[in-house]
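Okay, so here's the structure we're looking at.
The values are calculated or read from the model by the stated rules, or taken from the named source; none is laboratory data. Quick caveat, the model's predicted, so the values are computed rather than measured. We place every Cβ from the backbone using ideal geometry, glycine too, and count neighbours over all the protein chains shown. Just the protein is used for accessible areas: all its heavy atoms, side chains included, with ligands, DNA and RNA removed. Shrake-Rupley method; radii C 1.70, N 1.55, O 1.52, S 1.80 Å.
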Amino acid sequence: IGTLCTTAPSISLEGKRLWILKAHPVSEMEVFLSKILVNVFISGICSILVSIAIGFAIGFEYSLFVLVLLILISFMISMIGIIANLYYPNFEWDNEQVPIKQGVSVLIGMGVGFFAVAIPFGLGASLVLSGMKDLFVLIILIVVYIICSNL
């Protein structure tokens, strides 16, 4: 989920046809939100499957919290990808591979996404190992991701 960031190259993929998007009576926020929701939907399917698998493995009382946590992570990673692509767009390309695989915004989106997942989960694992209740740690992580998503 942390490295699945379809929004990082999404603005650069408009390329020389960006004027078409600007000519329509749609606000920038609606365009950004639609690009974010595509990423959340794609990773949401994976999140549902993972939360079901976790439910079978350790108990279904955690499944809803894990699902909410994964959707929040996906939303935050999508926003990071859009922001990175706004700062580092690449509109001059001949092949779609350039903005998708070689773009600076993709590198930033995947790197920040990896650390945005790894650091809080490492913190959560250390809290669980220190004796804190699992469910309480999941709630703390959900609150942290909600706060980070609103920044």
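Taking 19 Å as the straight-line reach from the Cα of Lys133, the aspartates and glutamates in range (excluding those fewer than 8 positions away in the same chain) are Glu61. Angle, helix 28-58 long axis vs. longest principal axis of the chain, Cα atoms, 0 to 90°, nearest 10? On a 0 to 90 degree scale, this one is about 30.
Considering only alpha-carbon pairs that sit under 8 angstrom and 6 or more positions apart, the relative contact order computed for the chain is 36 percent. Taking the C-alpha atoms only, the angle from helix 134-150 to the longest principal axis of the chain is near 20 degrees. Counting only residues at least eight positions apart within a chain, or on another chain, the lysines with an alpha carbon under 28 Å from that of Lys22 are Lys35, Lys101. Rounded to a whole number, what % of the accessible area of the chain do carbon and sulfur atoms account for, probe 1.4 Å? Carbon and sulfur together cover 74 percent of it. Dipole magnitude for the chain: about 40 debye, using +1 per Lys or Arg Cβ and -1 per Asp or Glu Cβ, origin at the Cα centre. Taking a ≥ b ≥ c as the square roots of the eigenvalues of the alpha carbon gyration tensor, the chain is prolate, as a/c is not under 1.5 and a/b beats b/c.
Write down the accessible area per residue of the chain in Å², having rolled a 1.4 Å probe over the full set of protein chains. Working shown, then result.
Working: 9090 Å² over 151 residues.
Spelled out: the 1.4 Å probe surface of the chain, per residue, equals 60 Å².
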